[in-house]
Amino acid sequence: MALLEIVVTTVGGALSATVGVVVGGVLTRQAQDRHWLRDRQLTAYQDLLREYATFSMILRRAHLGRTGWDYDWGAWSAALMSASLVAPNAVAMEIDRFGEAVRRLLDVTAGVDTTTAPLSQDQFEEAMVAPARAQLALVNAMRRSVGRNQGPLSTWVGGAGGRPRHWRTKQV
């Protein structure tokens with residue numbers, strides 16, 4: 001009887017330890033995967049927003065300075081695809097809406113000869129309202145996806161956005 005108790009206790013302890021190691025390994029792996037994905041998301045989100053800020057500032061300078069402009073659209077396309085690759089569905093939907101708002105902005109601003117017939121500052125800023133709103137919705141979706149403690153922003157930051165009067169009064 002004493003030998004049976006020792007064997008049961010020893011086998012039970014070994015099984016418990018083994019189960020604990022396996023469960024701990026699975027949980028650790030899941031946590032590492034979540035951290036890896038979050039890091040990739042942050043990098044992709046930063047790249048996307050950086051590319052947007054870059055080309056919107058290039059466009060703004062060209063229109064207001066009556067100069068030509070050039071931008072590597074491959075970088076923008078790559079940033080969109082990279083962000084979409086790691087984004088959860090809610091963020092991917094906002095990326096799509098943001099991309100559509102940017103496309104409409106480009107329809108208005110990029111087809112204009114900035115050296116002979118540029119948009120005025122007011123026209124350019126008004127054209128930036130829809131992308132600014134889409135950017136704000138996208139940033140808030142990004143913030144929710146990387147941390148539940150991130151509260152929403154109420155105003156956008158960055159880009160070549162418009163003046164507050166366009167932001168507050170125009171519904172685009």
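The values are calculated or read from the model by the stated rules, or taken from the named source; none is laboratory data. Note that the structure is a prediction, hence the values are computed from the model and not measured. Cβ atoms come from the backbone with ideal geometry, glycine included; neighbour counts cover every protein chain shown.
For segment 70-91, which positions are under 11 Å from TYR45 (Cα atoms) and surrounded by 15 or more Cβ atoms within 10 Å (Cβ to Cβ)?
Correct list: ALA79, LEU80, SER82, ALA83, SER84, VAL86, ALA87, VAL91.
Is it the case that segment 97-112 has a residue that's without any contact (Cβ under 8 Å) to a residue 12 or more places away in the chain and closer than 26 Å to ARG148 by Cβ?
no
Which residues, taken from segment 67-98, are charged (D, E, K, R) and modelled with pLDDT of 95 or more? Please lay out each step first, then the result.
Taking segment 67-98 as the starting set, the residues that turn out to be charged (D, E, K, R) are 70, 72, 94, 96-97.
Listed by number, the residues that qualify are GLU94, ASP96, ARG97.
ALA127 - would you say it is more than 27 Å from GLY147 (Cβ to Cβ), surrounded by 15 or more Cβ atoms within 10 Å (Cβ to Cβ) and among the aliphatic types (A, V, I, L, M)? Show your work before the answer.
Details: more than 27 Å from GLY147 (Cβ to Cβ): yes; surrounded by 15 or more Cβ atoms within 10 Å (Cβ to Cβ): yes; among the aliphatic types (A, V, I, L, M): yes.
So ALA127 fits the description; yes.
Would you point out which residue out of ALA132, ALA44 is crowded, with 16+ Cβ neighbours inside 10 Å, in a helix (DSSP H, G or I) and at pLDDT 95 or above?
ALA44
Looking at ARG29, ARG103, which one is surrounded by fewer than 15 Cβ atoms within 10 Å (Cβ to Cβ), modelled with pLDDT of 90 or more and not hydroxyl-bearing (Ser, Thr, Tyr)?
Details: ARG29 fails: modelled with pLDDT of 90 or more.
So the residue among ARG29, ARG103 that is surrounded by fewer than 15 Cβ atoms within 10 Å (Cβ to Cβ), modelled with pLDDT of 90 or more and not hydroxyl-bearing (Ser, Thr, Tyr) is ARG103.
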